[in-house]
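Before any comments, here is the structure.
What follows draws every value from the coordinates through simple rules; no lab data is involved. In this text the structure is predicted, and so the values were computed from the model without any measurement. Because the Cβ atoms are built from the backbone with ideal geometry, glycine has one as well, and the counts that use them run over all protein chains shown.
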Amino acid sequence: MMAMDSFQSEKMPNRLNLGQVIDAHTEFGWKASLQLKFIDRGDKTVLKHRSQQGPLAIQRPLYPEGNPCHTYLLHPPGGVVGGDTLNIRVSADEGAQTLITTPGATKFYRSESKYARQQQTFYVSKDSRLEWLPQENIFFTDAHVRLDTQVHLETGAQFLGWEMHCFGRPALNEGYESGHLVGKTDIYLDEKLILSEGLNVRGGDNLLKNKGMLGYQMMGTLYVSIDDEGFGQLVQSLLSKLQEENTQDAVLIAASQIENLLVIRALGNWSEVILDCFQQVWQLTREHWTGECPHPPRIWAT
């Protein structure tokens, strides 16, 4: 993606860098935060600590698999507008096993050049497992969003997480004609930065749309913390199978190994297709980790 740059806000006479603009836009907006800490109780993983402020919450933890704790993240307003701040922090202590997902897409609405901000921070201790499996983000025309993710891993931690971004609403033949999505994803292993990816998408950028996204309206990235060449080959075989089952008009998907991280990237026009591909990678990964193939969370079928 293009590098981040300074930004001249239509609402501000002085030239400010983008960070200052976003800080100003979100200073007096609706703030929501959620902190979750999971621990191993011995017989199962439990939510030891929960702190929440504003419209972020979770449903009662579920145990459809026995030990792993399934948690559904809720944002009751149903969408994010300019000025909003969402801050999510999750930690999995040693031995904990948790899966977090959402009951539906997160919608970022038209904001008249005012930025919203979402920050996600995950801490995964050794011998613990955290699976971050949200449904897609939908960016409406003229949505302005800063989206940052940090993942902090210890050696021996198991992490699988994804993000899916849909620009506009393909079902309504609506694109992302104006607006701005900016942010980055940083992943650390034992406090060493092993991956940093920037995101800078401006609505109506035809060069980015046609050359960067090859005409697709949706992009997805899946990260797996693993140091196993044999498993990487299994994933490559699965992706080849998925590409054969789906035409290139439906999805383009590929993987790359970056140190102790397997990164799968996908382009498509329909969230269902990318979610199905990512789900199969998740199931393969979990089977590799535990010897058992999990069923998808029921909330995805509703």
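In terms of overall dimensions, the C-alpha atoms belonging to segment 18-212 reach 52, 34, 34 Å along their principal axes, ordered largest to smallest.
What length, rounded to one decimal in nm, is gained on full extension from residue 121 through to residue 210, with 0.36 nm per residue of separation minus their alpha-carbon distance? Display every interim value, and only then the final one.
Working: separation 89, 0.36 × 89 = 32.04 nm, distance 3.20 nm.
Value of the extension gain: 28.8 nm.
With the charge dipole of segment 50-128 set up from +1 on Lys and Arg Cβ and -1 on Asp and Glu Cβ about the Cα centre, the Cα lying farthest toward the positive end among the listed residues 52, 66, 101 is that of 52. Computed on segment 18-212, with alpha-carbon pairs under 8 angstrom and 6+ residues apart, the relative contact order is 16 percent. Restricting attention to the chain, close to 45% of DSSP beta bridges with both partner residues there are antiparallel.
The amide H of residue 120, built 1.01 Å from its N in the peptide plane, has 88, 148, 149, 150 as neighbours under 5 Å, considering only residues 5 or more places off or on other chains.
Given 37/126; 48/184; 126/184, which pairs have Cα atoms separated by over 18 Å?
48/184; 126/184
Helix 229-245 versus the longest principal axis of the chain: what is the Cα-based angle in degrees, 0 to 90, to the nearest 10? That helix lies at roughly 60 degrees to the long axis. Extension gain, residue 300 to residue 60: 0.36 nm times the residue separation minus the Cα-Cα distance gives 84.7 nm. Connecting C-alpha atoms closer than 10 Å in a GNM of the chain, tell me which of 230, 78, 268 has the biggest fluctuation. Comparing 230, 78, 268 in the GNM, the peak value goes to 230. Where a Cα-Cα gap under 15 Å defines reach, which aspartates and glutamates qualify for residue 192, not counting those fewer than 8 residues away within the same chain? Straight-distance partners of residue 192: 154, 259. The convex hull defined by the C-alpha atoms of segment 205-302 has an orientation-averaged projected area of 7.3 nm². The angle separating the long axis of helix 271-290 from the principal Cα axis of greatest extent in the chain is about 30 degrees. With the charge dipole of segment 213-302 set up from +1 on Lys and Arg Cβ and -1 on Asp and Glu Cβ about the Cα centre, the Cα lying farthest toward the positive end among the listed residues 285, 270, 251 is that of 270. How high is the FRET efficiency between residue 256 and residue 290 when r is their beta carbon distance and R₀ equals 22 Å, given to the nearest 0.05? Calculated value: 0.35.
A cut-off of 5 Å between modelled amide H atoms, ignoring neighbours fewer than 5 places along the same chain, links residue 144 with 111, 116, 180. Of all lysines in the structure, those lying under 18 Å Cα to Cα from residue 114, and not within fewer than 8 positions of it along the same chain, are 11, 31.
Less than 5 angstrom separates the built amide H of residue 107 from those of 80, 138, all sequence-distant by 5 or more or on a different chain.
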